[in-house]
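*Asks:* Got a structure here, written out as structure tokens. Questions coming.
The values are calculated or read from the model by the stated rules, or taken from the named source; none is laboratory data. These numbers were taken from a predicted model, which means no experiment stands behind them. Note: ideal-geometry Cβ built from the backbone for every residue, glycine included; neighbour counts use all protein chains shown. These area figures cover heavy atoms from the full protein model, side chains too; ligands, DNA and RNA do not enter into them. Shrake-Rupley method; radii C 1.70, N 1.55, O 1.52, S 1.80 Å.
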Amino acid sequence: MKTADAASCLGAGLIITEIGGVNVNDTRIMIWIGLVIFLALIAVLGYIGSKKTATIADFSIAGASLGPVVLGLAYAATFFSASTFVGYTGWAYEWGFSSLWIFLTLIAASPLGLIVIAKRARAMNISQKSLSLPDWLGDRYDSDFVRVGAALICLFNIFYIAAQFAAGAWIFNTLLGLPYDVGVVFIAVIVVAYVFGGGSYADIYTDAAQALLMVIMGVLVFVSVFWMFDGGLTAALTEISQTLEARDPNLVAVTNPDSIVFYSVPAIVGAFIIQFAFAAQPQLFNKVLALKDPKDMRRMIIVYIVAALGFLLVIFGGLYAAVTVDVDNLDTSLLQYVTVAFPPIVSAFLGLVIIAAAMSTTDGIFVVMSTIVANDIYLKVLVRRGYIKKSPAEAERSALLLSRISVIVVGVVASLIVFNPPESIGMFIWVGISGVASGTLGPLLASLFFPALATRAAASCSLVAGLVAYLAIMFTDAIKSTMAAGSVGVLIGLTVMLVVGIATRHHLTTQEG
């Protein structure tokens with residue numbers, strides 16, 4: 001194996017003293033320059049988005065006016081957050097080859113979920129004109145209980161936002177020397193600022209730009225094998241395998257009992273199920289609804305898959321790091337590997353990419369959670385049912401203002417959650433993802449593929465049963481993997497949906513899409 005200067009760790013953050021003979025200050029200057037340019041781009045795109053945002057539909061789904069390329073890139077950037085570059089590479093570093101299952105679940109199960117769900121959901125929305133996943137479900141079942149219940153369940157994604165803030169904060173701490181808590185505030189302020197003004201337009205435009213940066217970084221990390229190891233990829237994997245096996249045979253096994261994700265075959269199956277379900281997450285669902293022409297869905301999916309493959313190549317960096325560097329915190333493994341494998345300018349670029357990855361997921365969830373408050377609860381329930389008396393024009397203006405206020409509130413709450421950093425960012429995000437999927441996937445899939453069973457009573461029962469099952473598993477620690485716990489919640493929710501649907505299909509009339 002070729003050698004390079006190593007970096008040292010201090011606490012949970014990486015403090016780089018010298019990289020390839022270049023002082024850390026030089027690297028930080030590069031990062032600051034890149035960050036200023038990046039923020040200027042974000043500001044411009046946010047401004048463009050703000051000029052296009054006049055209604056709550058503009059804020060929520062960009063007025064359903066965007067094309068397949070920009071949405072395919074934005075979908076991919078939203079799907080693959082900072083956890084891909086920080087959390088998942090940390091899993092590969094810590095648990096070895098078993099962590100490559102995450103690569104397979106993301107490149108197989110997730111696109112399948114998109115293919116299965118997206119086209120039908122967008123086609124049905126031509127008539128429904130819903131603005132979010134809870135809104136779509138509420139309209140489909142003509143039920144305030146389903147709408148509000150799904151909306152409340154989607155609030156679980158506050159944990160997802162918090163995890164992205166933590167990832168960005170570690171970058172600021174690691175590469176710029178900022179205190180972790182200052183980094184949390186910094187990235188929160190940046191994201192809140194441009195989503196507040198531009199809503200979904202700003203979210204999608206910036207996500208598409210960020211996706212291109214993420215693809216470049218994934219490819220760069222993957223091809224570093226050709227100069228960090230003698231003999232190319234095959235020789236490198238052989239060397240990595242031999243080194244890890246000598247350290248611990250579990251590191252090269254199909255399953256690793258020390259892993260909190262891929263410790264058994266059932267846990268791996270659970271990961272595939274929950275990654276399939278992830279394609280219906282609300283921050284992704286709103287990008288499906290934003291597509292102007294449903295006939296362009298195939299092109300959007302192709303763009304997404306190509307971009308996703310580029311992102312996922314970065315996971316190999318965790319394996320490269322496992323035999324080249326030593327770290328105290330697994331979430332810093334890729335950062336430290338890049339400092340020894342590349343010149344300082346690439347370390348600076350990685351910092352920007354991870355910040356971009358954190359933003360690209362976070363902004364989408366901000367839009368969704370703001371839509372939940374302003375549209376799904378305020379407009380569709382409180383105003384429509386007469387609990388709040390407003391004219392249509394007044395209600396629209398109030399909803400747009402409320403959506404922007406919600407952005408600020410969500411940013412503050414998410415920041416507070418991770419002021420003390422989580423042990424593993426990669427696992428923290430799945431608290432939210434699994435909670436949302438457990439409650440919403442049953443009613444969604446039934447409405448798309450079993451419309452005769454998609455009754456209001458079945459959807460209501462499924463929402464409750466899936467979420468309660470997931471929470472029971474989490475609070476009792478019955479299943480170690482959060483992904484597997486989420487998959488059990490999804491399966492229970494879907495089972496209840498079908499059973500109650502069969503029992504009530506002759507007694508209730510439902511609107512079929």
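*Asks:* Any chance you could look up the accessible area of GLU94 with a 1.4 Å probe, heavy atoms only, rounded to 10 Å²?
*Replies:* 80 Å²
*Asks:* Using a 1.4 angstrom probe on the protein heavy atoms only, line up ASP328, ASP258 by accessible area, largest first.
*Replies:* Result of the area sort, largest leading: ASP328, ASP258.
*Asks:* Sticking with this structure for a sec: Alpha carbons only, please: Rg and Dmax for the range 307-351, in angstrom.
*Replies:* Over the range 307-351's Cα set, Rg and Dmax evaluate to 10.6, 31 Å.
*Asks:* Regarding the range 116-270, what are the three Cα extents along the principal axes, ordered largest first, in Å?
*Replies:* For the range 116-270, the Cα extents along the three principal axes come out at 60, 41, 28 Å.
*Asks:* Net charge within 13 Å of SER259 by Cβ-Cβ distance, Lys/Arg positive one each and Asp/Glu negative one each, not counting SER259 itself?
*Replies:* Residues near SER259 contribute -2 overall.
*Asks:* How would ASP230, ASP477 rank on accessible area, largest to smallest, probe 1.4 Å?
*Replies:* Per-residue accessible area, sorted high to low, gives ASP477, ASP230.
*Asks:* Any idea what the dipole of the range 293-368 comes to, in debye rounded to 20, about its Cα centre with Lys/Arg Cβ at +1 and Asp/Glu Cβ at -1?
*Replies:* 360 debye
*Asks:* So if I average 1/r over every pair of distinct C-alpha atoms in the range 305-448 and take the inverse, what Kirkwood radius in Å does that give?
*Replies:* Kirkwood hydrodynamic radius for the range 305-448: 18.9 Å.
*Asks:* Distance cut-off 22 Å, Cα to Cα: go down the list LYS51/LYS119; LYS119/LYS292; LYS129/LYS292; LYS119/LYS380; LYS287/LYS380; LYS51/LYS292 and report the pairs above it.
*Replies:* Violating the 22 Å Cα-Cα cut-off are LYS51/LYS119; LYS119/LYS380.
*Asks:* Let me ask something else. For every other residue with a beta carbon closer than 11 angstrom to the beta carbon of LEU444, add +1 if it is Lys or Arg and -1 if Asp or Glu, then tell me the sum.
*Replies:* Summing Lys and Arg as +1 and Asp and Glu as -1 gives +2.
*Asks:* Using protein chains only and a probe of 1.4 angstrom, how many square angstrom of ASP142 are accessible, to the nearest 10?
*Replies:* 90 Å²
*Asks:* If you don't mind, there's one more thing I want to ask. Treating the beta-carbon of each Lys and Arg as +1 and of each Asp and Glu as -1, no other charges, what is the dipole magnitude of the chain about its Cα centre, to the nearest 20 debye?
*Replies:* About 2120 debye.
*Asks:* List the DSSP H helices in the chain whose Cα atoms stretch 18 Å or more along the helix axis and whose mean Kyte-Doolittle hydropathy is at least 0.5.
*Replies:* Helix filter hits for the chain: 24-52, 158-176, 180-223, 265-278, 297-312, 344-371, 392-417, 425-449, 456-476, 482-504.
*Asks:* Select from THR174, VAL314, GLY96 the residue farthest towards the positive end of the dipole of the chain; place +1 on Cβ of Lys and Arg, -1 on Cβ of Asp and Glu, and compute about the Cα centre.
*Replies:* VAL314
*Asks:* Could you order LYS380, LYS129 by accessible surface area, starting with the largest, using a probe radius of 1.4 Å?
*Replies:* The residues order as LYS129, LYS380, largest area first.
*Asks:* Heavy-atom accessible area of MET300 with all protein chains present, probe 1.4 Å, nearest 10 Å²?
*Replies:* Counting only protein heavy atoms, the figure is 0 Å².
*Asks:* Just from its helices, what would the mean residue ellipticity at 222 nm be for the chain, if runs of 4 or more DSSP H residues each count -39500 (n - 2.57) and the sum is divided by every residue, rounded to the nearest 500 deg cm²/dmol?
*Replies:* The per-residue figure over the chain is -23500 deg cm²/dmol.
*Asks:* Please report the base-10 log of the normalised intensity I(q)/I(0) for the range 434-513, using a Debye sum with one equal scatterer per alpha carbon and no solvent, at each q in 0.14, 0.19, 0.27 (1/Å).
*Replies:* For the requested q values the scattering log ratios are -0.41, -0.67, -1.09.
*Asks:* Out of [x] 19, 41, 25, 12, 3, 0; [y] 21, 52, 24, 3, 0; [z] 24, 56, 18, 1, which label holds the value of P(r) over Cα pairs in 20 Å bins from 0, in percent that was computed here?
*Replies:* [z]
*Asks:* Largest first, please: the extent of the C-alpha atoms of the range 366-478 along each principal axis, to the nearest Å.
*Replies:* 50, 46, 22
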